[in-house]
Amino acid sequence: MNGEMFKALVVETVTKPGMAARRVIDLGYDTGTLWTGLVLVSVLNGIFYGILLPGAAAQGLILPDLAASPVMLAIFIGVALTITVQFLVMTGRVLGGSGDLRTILTIMVWLQLLRLGLQLAITVISLVIPVLGSLVALVAGFWGLWVLANFIAVAHGIDVLKSVGVMVMTFFGIIVVLSVLMAVLGFGVPAGGI
């Protein structure tokens, strides 16, 4: 994929997510390449959050142990994304979808890459004009859910309403699994937290 194709696909993802999903899936990357992409996105997220999160930990917004270790953070993000992929495959199948692991991995790597770029842009905007940064983050959050719903619908060959069901089931599944995982690994609620 060259630079022009990448830019066109980014625009299409935002403006016509259903069409963009088909194009992304049709790129035909093999599963090994996609897992490598997921690891890369996890590492980049770990670096990004490793820079930003110490301040959030000081305010009690995130577990200090997690914020203090970009490596642990990258591993945690990678595990969370892997669990997300598995749940999206399983819940999609439960609701009549036909998406396989490669297809779901493809859309997740693409959307996570775009999400990271968007977070960088929002961070820069927030440093210059905090109110605008918050507004962009809010709009992007809601629009991102719409884009994700369309990508899941295309990946599983289902309608958007069912894809929302896939998202909800996946969300609750991830919460349960990550809660158990964090308890097993010894990460607790920060002091002064809930």
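Derivation of every value follows stated rules applied to the coordinates shown; laboratory data play no part. The structure presented is a predicted model; accordingly, all values stated were derived computationally and were not measured. Ideal geometry is used to build each Cβ from the backbone, glycine not excepted, and the neighbour counts take in all protein chains shown.
What does the charge add up to near VAL147, with Lys and Arg as +1, Asp and Glu as -1, over the other residues with Cβ less than 14 Å from its Cβ?
+3
Would you mind checking the tilt of helix 101-128 against the longest principal axis of the Cα atoms of the chain, expressed as 0 to 90 degrees and rounded to 10?
Orientation of helix 101-128: about 50 degrees from the principal axis.
Which whole-number percentage describes the relative contact order of the chain, with Cα contacts under 8 Å and a sequence gap of 6 or more?
28 percent
Among [x] 46, 40, 31; [y] 54, 35, 35; [z] 53, 35, 30, which one is Cα extents along the principal axes in Å computed from these coordinates?
The value matching this structure is [x].
Charges on Cβ only, +1 for Lys and Arg, -1 for Asp and Glu, centred on the Cα centroid of the stretch 17-183; of ALA80, LEU132, ILE158, which one is farthest towards the dipole's positive end?
Most positive-ward Cα: ILE158.
Using θ = phi - 60° and the Karplus form 6.51 cos²θ - 1.76 cosθ + 1.60, what ³J(HN,Hα) does each residue of the stretch 129-137 get, whole Hz, x for Gly and Pro?
9, x, 5, 5, x, 5, 5, 4, 4
Taking the Cα centre of the chain as origin, sum charge times position over the Cβ atoms of Lys and Arg (+1) and Asp and Glu (-1), and report the length of that vector in debye to the nearest 20.
200 debye
Need one number: nm distance between label points at TRP143 and ARG22, each 7 Å from Cα along Cα→Cβ, rounded to one decimal.
Taking the two extended label points, one gets 2.3 nm.
Quick check: the angle from helix 3-15's long axis to the longest principal axis of the chain, C-alpha only, nearest 10 degrees?
The helix 3-15 is inclined about 90 degrees to the chain.
Under a plain spin-label model, where a point goes 7 Å from the Cα along Cα-to-Cβ, how far apart in nm are LEU116 and LEU132?
Result for the modelled spin labels: 2.6 nm.
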